[in-house]
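The values are calculated or read from the model by the stated rules, or taken from the named source; none is laboratory data. These numbers come from a predicted model, not from an experiment. Cβ coordinates were reconstructed from backbone atoms using ideal geometry, including for glycine residues, and neighbour counts include every protein chain displayed. Ligands, DNA and RNA are excluded from the accessible area calculation, which covers all protein heavy atoms including side chains. Shrake-Rupley method; radii C 1.70, N 1.55, O 1.52, S 1.80 Å.
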Amino acid sequence: MNFDKQVVIITGGTRGIGLETVRAFVDNKALVILFGSKEETVASSIETLKREGRIVKGYYPDLTNFEEVNKVINEIYGEYQHIDILINNAGISANLPIEQTSSKDFSNIMDINVLAMFNTIKAVVPFMKKQNKGVILNTSSMVSIYGQKSGVGYPASKFAVNGLTKSLALELAPYNIRVNAVAPGIIKTDMVAKLPKEVINPLIEKIPLGRIGEPRDIANAFLFLASDMASYITGVILSVDGASKN
Ligand code: NAD
């Protein structure tokens with residue numbers, strides 16, 4: 001893959017799947033800008049990447065606030081005069097039963113997992129339309145296909161991600177903007193480390209490919225979908241889950 005000088009924005013780029021995706025695009029010559037939630041985590045990931053020989057920029061707009069996101073994206077466009085790829089990867093999960101989930105918990109997860117995606121997409125679309133070219137990739141989840149036994153806000157938000165992906169693929173196709181999502185299975189990141197072993201181990205044992213997914217597995221799917229090899233692919237939710245069925 002060669003993304004020479006293409007400008008790639010990756011949200012939730014400070015750790016886990018997002019950080020590995022940042023590495024993958026930098027290694028394929030892209031100009032990567034990562035978004036994180038806090039100044040400290042953005043600064044420390046930029047530092048880690050710098051020690052690895054990978055140079056990136058970072059910002060920490062409140063993704064749930066359109067004005068803040070729009071300001072940062074306008075700044076990025078002002079500097080490079082193009083924005084080629086947007087990867088919406090920031091997300092939070094939930095696992096409590098419905099009685100222990102407040103309305104505020106529910107709207108919070110919808111805000112971070114769905115509204116944030118709407119905001120970044122709304123901000124880049126005018127530039128991508130002007131370029132008559134763009135790629136938007138979203139992180140969904142296998143729970144967007146199978147649901148989840150507890151923590152309903154999480155699968156609900158990921159079903160919404162799929163709806164947003166498929167609908168915007170139709171809306172933006174006339175402008176040569178492709179919109180796809182990757183639906184990861186169980187991937188070895190902090191999000192999964194937070195789950196109790198008695199919950200996660202039986203799930204891993206059931207994965208047909210016989211192993212937990214690595215962040216690199218998802219980064220590779222993003223590389224493919226962002227590349228010209230996927231130039232006729234839009235509106236797709238690509239499962240990358242070792243054939244997990246939840
Ligand atoms: P992670 O917890 O390691 O990373 C989450 C990222 O999202 C971090 O970079 C964090 O800064 C960012 N983020 C969280 N809240 C934010 C906020 N309020 N504002 C801005 N950024 C925020 O998790 P991960 O496993 O790397 O998850 C990345 C994506 O993959 C998420 O969308 C998640 O739903 C999805 N996913 C993960 C798995 C898995 O098994 N790990 C499976 C399916 C889908």
Quickly run through the range 183-221 and pick out the residues that are open to solvent by less than 20 Å² (accessible area, probe 1.4 Å) and either among the hydroxyl-bearing types (Ser, Thr, Tyr) or not in a helix (DSSP H, G or I) (or both).
ALA183, PRO184, GLY185, ILE186, ILE187, ILE207, GLY213
Filter pass, TYR80 being away from the ligand (no atom under 12 Å from the Cβ), at pLDDT 95 or above and either of a type in the set (Phe, Trp, Tyr) or surrounded by 15 or more Cβ atoms within 10 Å (Cβ to Cβ) (or both)
yes
When you scan the range 103-116, do you find a residue that is in contact (Cβ under 8 Å) with a residue 24 or more places away in the chain, crowded, with 17+ Cβ neighbours inside 10 Å and away from the ligand (no atom under 16 Å from the Cβ), even just one?
no
Does any residue in the range 222-246 that is over 21 Å from THR11 (Cβ atoms) come within less than 6 Å, Cβ to Cβ, of a residue that is of a type in the set (Ser, Thr, Tyr) six or more places away or on a different chain, and which pairs are these?
ASN246/TYR146
Please state which one of ILE46, ILE10 is in contact (Cβ under 8 Å) with a residue 12 or more places away in the chain, near the ligand (Cβ under 10 Å from one of its atoms), under 19 Å from the mean Cα position of the chain (by Cα) and outside any loop (DSSP other than H, G, I, E, B).
ILE10
Taking PHE3 as meeting all but one of (1) within 15 Å of the ligand (Cβ to nearest atom); (2) aromatic (Phe, Trp, Tyr); (3) open to solvent by less than 50 Å² (accessible area, probe 1.4 Å), write down the number of the exception.
(1)
Counting only residues that are more than 6 Å from the ligand (Cβ to nearest atom) and of a type outside the set (Ser, Thr, Tyr), which one in the range 14-23 is least open to solvent (accessible area, probe 1.4 Å)?
VAL22
Looking at (1) at pLDDT 95 or above; (2) more than 11 Å from the ligand (Cβ to nearest atom), can you tell me which one THR64 breaks?
(2)
One residue is enough: does the range 175-182 have a residue meeting the conditions within 15 Å of the ligand (Cβ to nearest atom), under 18 Å from LYS133 (Cα atoms) and crowded, with 21+ Cβ neighbours inside 10 Å?
yes
Scope the range 204-220; condition within 10 Å of the ligand (Cβ to nearest atom) and more than 17 Å from GLY12 (Cα to Cα); matching residues:
ILE212, GLY213
State the number of residues belonging to the range 146-174 that are within 14 Å of the ligand (Cβ to nearest atom) and either modelled with pLDDT of 95 or more or touching a Cys at 6+ places or on another chain (Cβ under 6 Å) (or both).
14
With the structure loaded, tell me whether ILE55 is in a loop (DSSP other than H, G, I, E, B), more than 10 Å from the ligand (Cβ to nearest atom) and buried (at least 18 other Cβ atoms within 10 Å of the Cβ) or whether it fails that test.
no
Complete set of residues in the range 13-40 that are among the polar types (S, T, N, Q) and assigned to a loop (DSSP other than H, G, I, E, B)
THR14, ASN28, SER37
